[in-house]
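Since the structure comes first, as structure tokens, the remarks are kept for the end.
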Amino acid sequence: MARLDEFKQNAAVRGILPDGLVTVTGVQWFGSEARELTYKDPSGRIANRLLYRHDEPHLEIVEQGRLIRAPDQVGSSAAALVAKLGPSKADAARELAYNGLVRSWPETARLARRPKAEQTAMFGEVE
């Protein structure tokens, strides 16, 4: 469950659309019980929705930092970077990595829907 107070720009949110995540592009309060959420859907379209406190149980802000795991995962270059950065800078690095993926996902999904011949022309043959 996500509280309306927790929505921030660039957050990935589940529960706005029937399936898939949206990326928050803006938020605005309407009193203390409603918040307008402007978001980008997985295809890159911008939309908005007025959310109320009774919507909170159906919403989830996807936790940030899931892409870069804990520094104790030996052999991971991301883990090594996190270890070098230290705790305060590591959180910022996790957020940047996660938000970069969320913002690029609509384009990645669009390219993945192209015919195989076009994908091969763009990226080469993948085994």
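The values are calculated or read from the model by the stated rules, or taken from the named source; none is laboratory data. All values derive from a computational prediction rather than experimental measurement. Methodologically, a virtual Cβ is constructed for each residue, glycine included, from the backbone with ideal geometry; neighbour enumeration extends over all protein chains shown.
Per-structure values
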item	result
Residue count for region 53-69, restricted to those that are over 24 Å from Glu107 (Cβ atoms) and at pLDDT below 85	1
Unmet criterion (only one of (1) at pLDDT 75 or above; (2) exposed (fewer than 11 other Cβ atoms within 10 Å of the Cβ); (3) on the phi > 0 side of the Ramachandran plot) for Gly44	(2)
Subset of region 1-43 [among the acidic types (Asp, Glu) and in a strand (DSSP E or B)]	Glu36
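Here is a yes/no grid of residues against (1) free of Cβ contacts under 8 Å to residues at least 24 places away in the same chain; (2) crowded, with 18+ Cβ neighbours inside 10 Å; (3) farther than 24 Å from Ala109 by Cα; (4) touching a Cys at 6+ places or on another chain (Cβ under 7 Å):
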{"residue": "Leu4", "(1), (2), (3), (4)": "no, yes, yes, no"}
{"residue": "Asn10", "(1), (2), (3), (4)": "no, no, no, no"}
{"residue": "Pro18", "(1), (2), (3), (4)": "yes, no, no, no"}
{"residue": "Phe30", "(1), (2), (3), (4)": "yes, no, yes, no"}
{"residue": "Leu37", "(1), (2), (3), (4)": "no, yes, no, no"}
{"residue": "Asn48", "(1), (2), (3), (4)": "yes, no, no, no"}
{"residue": "Leu51", "(1), (2), (3), (4)": "no, yes, yes, no"}
